[in-house]
Amino acid sequence: MLRHRPLGSGHPYSVDTEQRHPAVPVQGESLRLGVRATSEVDEVTLIWDDGETTAEHPLERVQQQSRGQAVDGGHLASAQAKLARTSTGFAIELSTIAAGTAYRYRLLGGPQESPRSQSTRWFSVRAAGWQSAPDSLVVVDAAAGFVANSVSLLADGERIARVRFALALAPGEHVSGFGERFDALDHRGTSLDSVVFEQYKSQGSERKTYLPMPFAHVVGGRGWGFHVRTSRRVWFDVAESDSELLWIEAEVDSLSADAEVLSVGGYDGSPARVLNQFLAEVGRPEVLPSWVHRLWASGNEWNTQSEVMRQMDAHREHGIPVGCVVIEAWSDESTFTVWRDAQYAPSPDGAPQELSEFSFPAEGAWPDPKGMIDELHDRDVRVLLWQIPLIKMRPHPLGQARFDADAAVAEKVLIQDEDPRGVLKPYRNRGWWFPLSLMPDLTDDRSARWWTEKRRYLVEEMGVDGFKTDGGEHAWGSELHYRDGRRGDEKNNTFPVHYARAYGDLLRRAGKAPVTFSRAGYTGSQAHGAFWAGDENSTWDAFRWSLFAGLNASASGILYWGWDLAGFSGDVPTAELYVRSLAAAAFVPIMQYHSEFNHHRSPSRDRTPWNIAEQSADPAVLTMSRTIVELRERLVPYLTAESEWAVANGTNVMRPLFFDWPDDERLWNQPLQWMLGRDILVSPVTVEGALEHTTTLPHGDWVHAFSGDRVSGGDSDTRAVPWDQVPVYVRADAWQRLAPTFVS
């Protein structure tokens, strides 16, 4: 068998064996054509027709590449084993490509005794080329510093596929934002892109993100920012190839070069003013209830009612106040609407069910989930349940899962996939997590409501307070079709925005605050719930990467943000890493710890303070953790008030220092510092073994929060740093009001 899929799997960073790359051939660039073949195929030949001549070219055998990624264990370990398949690959690179030419090709192959016994169908493609274009093709607001005569377009004679242009950067200007970015705060001198992607671990070294945005601040000169108004993929060369230019290349889809194909918003003024203008355009955060600022706790092995309550009891016994428990492994993991072990009669038409339709065996994993939720509420602990936006199809679904899949097809609420022949069928997840699952089109109101109403009984009747809206990155491929008629190249990035919105709308309909907890997002996510920085190991590098992610996300308008403090995967963190991370997390909007599934092996990998104390043989971890979480409890009223202030004023609670001091060049030398609200400056210790820490202080009068020492700004302040005391400074004129927060 020969398999050639011209557009591949849609993986944005990997070229599959069986695809055409680039999908649109470009004059001056080589074109790679690949085919996947079964093991009996010994040779493959390309038949290439340029409209005038037909030529044959042999393909070379290549190492087979799979659409996923290699992973190092944890919840994707099983996916890793599936990357090796009993197939082989062949490929060829062509260098003579002429723009505007229509090509046809097919691939022939087989075993040595019958080398052309198998074939693909004929494929057609037009080649494109770059050419200069009028400035009017791109409409750029004056504040964005558009460079005249910099526009070029990539066109094939019938359609425009991309446009490229430049913005001017002055010497000394810094560029920050672009959504959640894990590697730096100042992106000048680098290149990056904006596409939603599940980068499982090592986001800082891979420079890929769950939550991109084509928006950035330009700080240190006249003060401005820009937003490329598109949901398609955009590439940014931030003065990497030219020290004075920020080159932008964006996917477009236009039939004409006579009219605008792309718009760029420009905002002038301070970073706070820039963000306010941007949020006015794309959506502002909504104030969430104060309990979201308390400690969130979870672990993937808390997968029974008895274990959840045991963990909540342990928090109480150890004096670690917890405000929210996130239960991930609660459902049957087929429907993601039914508690595991619940007994019920399936709904053949996939209709929503009610609590009265379920019974919960005493010997089951969740004998009384409503009673559990009620008891947690009595303890002032809120409950979130985990979700993914997929209908699992492997293993073959049975019972309610089968009915739900059939109903989703019948109700036409699924994202559709267009095969190479132009035939539409339900999209099957191409990613490495829950492969081949069906995906509801949550960007469509009717589909979203069909999906979320199945979960309504969880909120209205059982009292669930919110949802962890995980896994919003599964829409791969430009050829996908959404219910509004638009395709994947335009819609895929927007899926996680609508995913969180859909669950927020469900919570509102049930009279609850729209508390969702997402890792994926895009422009517009600012208005929908809370976020965490995704999956990471327990390392010092990941600690620093996560803080960069938070600062860039906050600069882009994400208000309720946190991370899996000290990491959630791999070996448990050292005592020092855990306490340093916990101390820093006390001063971000969402404070939470989480741990990956470990098959219930011993020792436990829970990230609870008592488990880290036990595993590290350092009982002081528990004492220090208690001190930090108690401090966080005292911070809740401040965080609540500052969140209300930030929403009302179009700014943020967690702010890189350039927001308040855009002209202080010294602050860029120590980028992992931030303001928390209007009065607290945070300078975390992120280096292993540090005994003292130097904080670069902006101008003004400050008080070191844990000693009460007065410190003059405009210089640096160095002092000893106990693990449980992140260096924090309070504006002097707010000290009298905030001193009780730091002195219990």
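The values are calculated or read from the model by the stated rules, or taken from the named source; none is laboratory data. Every value quoted in this text rests on a predicted model; they were computed, and no experiment measured them. As a convention, Cβ positions derive from the backbone with ideal geometry for all residues, glycine included, and neighbour counts pool all protein chains shown.
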Q) When the residues of the stretch 1-58 are filtered to those that are among the hydroxyl-bearing types (Ser, Thr, Tyr), in contact (Cβ under 8 Å) with a residue 24 or more places away in the chain and touching a Phe, Trp or Tyr at 6+ places or on another chain (Cβ under 9 Å), which remaining residue is farthest from Tyr200 (Cα to Cα)? A) Thr17
Q | Single match in Ala155, Ala148 (criterion: more than 21 Å from Arg233 (Cα to Cα) and not assigned by TED's automatic domain parsing to the domain that holds Thr38) | A | Ala148
Q) Is there any pair with a first residue in the stretch 524-545 that is within 17 Å of Tyr210 (Cα to Cα) and a second that is at pLDDT below 95 and of a type in the set (Ser, Thr, Tyr) whose Cβ atoms are under 6 Å apart and which are 6 or more apart or on different chains, and what are they? A) Asp535/Tyr200
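Here is a yes/no grid of residues against (1) among the polar types (S, T, N, Q); (2) buried (at least 20 other Cβ atoms within 10 Å of the Cβ):
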{"site": "Val139", "(1), (2)": "no, no"}
{"site": "Ala148", "(1), (2)": "no, no"}
{"site": "Val163", "(1), (2)": "no, yes"}
{"site": "Glu173", "(1), (2)": "no, yes"}
{"site": "Ser176", "(1), (2)": "yes, yes"}
{"site": "Phe182", "(1), (2)": "no, yes"}
{"site": "Thr190", "(1), (2)": "yes, no"}
Q: Filter the stretch 347-358 for residues that are assigned to a loop (DSSP other than H, G, I, E, B), more than 32 Å from the chain's Cα centre (by Cα) and not polar (S, T, N, Q) and give the result.
A: Pro348, Asp349, Glu354, Phe358
Q) How about the stretch 359-477: which strands (runs of 3 or more DSSP E) wholly inside it have at least 3 residues that are surrounded by fewer than 22 Cβ atoms within 10 Å (Cβ to Cβ)? A) 416-418, 424-426
Q. Counting just the residues of the stretch 201-222 that are in a loop (DSSP other than H, G, I, E, B), of a type outside the set (D, E, K, R) and crowded, with 20+ Cβ neighbours inside 10 Å, which one comes out nearest to the chain's Cα centre (by Cα)?
A. Tyr210
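Among the residues of the stretch 502-520, are any in the same structural domain as Ile612 (by TED's automatic domain parsing), assigned to a helix (DSSP H, G or I), closer than 27 Å to Phe226 by Cβ and modelled with pLDDT of 95 or more?
no
Taking the conditions exactly as written (within 18 Å of Ala583 (Cβ to Cβ), crowded, with 17+ Cβ neighbours inside 10 Å, modelled with pLDDT of 95 or more and not β-branched (Val, Ile, Thr)), does Ser707 satisfy them or not?
No.
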Q: Examine the stretch 456-475 for a residue that is touching a residue at least 24 places away in the same chain (Cβ under 8 Å), more than 24 Å from Gln199 (Cα to Cα), outside the structural domain of Ser231 (by TED's automatic domain parsing) and within 20 Å of the chain's Cα centre (by Cα), and state whether such a residue exists.
A: yes
Q: Return yes when Val721 is of a type in the set (A, V, I, L, M), surrounded by 14 or more Cβ atoms within 10 Å (Cβ to Cβ) and in contact with a strand residue (DSSP E or B) (Cβ under 6 Å, 6 or more places away or on another chain) and no when it is not.
A: yes
Q: Please list, ordered by first then second residue, the pairs with beta carbon atoms under 8 Å, 6 or more apart or interchain, first in the stretch 187-206 and under 21 Å from Ala239 (Cβ atoms), second part of a loop (DSSP other than H, G, I, E, B) and hydrophobic (A, V, I, L, M, F, W, C).
A: Arg188/Leu169; Arg188/Ala239; Gly189/Ala239; Thr190/Ala184; Gly204/Phe182
Q: Say whether the condition of being of a type outside the set (A, V, I, L, M, F, W, C), touching an Asp or Glu at 6+ places or on another chain (Cβ under 6 Å) and farther than 25 Å from Trp291 by Cβ is met by at least one residue in the stretch 578-599.
A: no
**Q.** the stretch 642-681, residues that are in contact (Cβ under 8 Å) with a residue 60 or more places away in the chain, among the polar types (S, T, N, Q) and surrounded by 19 or more Cβ atoms within 10 Å (Cβ to Cβ)
**A.** Ser643, Thr651, Asn652
**Q.** Any chance Ala329 is within 30 Å of Arg229 (Cα to Cα), small (Gly, Ala, Ser) and within 24 Å of the chain's Cα centre (by Cα)
**A.** no
Q. Which strands (runs of 3 or more DSSP E) does the stretch 703-744 wholly contain that include 2 or more residues that are closer than 21 Å to Ala586 by Cα?
A. 716-720, 728-731
(Q) Would you confirm, using the coordinates I've provided, whether Thr304 is outside the structural domain of Gly223 (by TED's automatic domain parsing), β-branched (Val, Ile, Thr) and farther than 21 Å from Leu507 by Cα? (A) yes
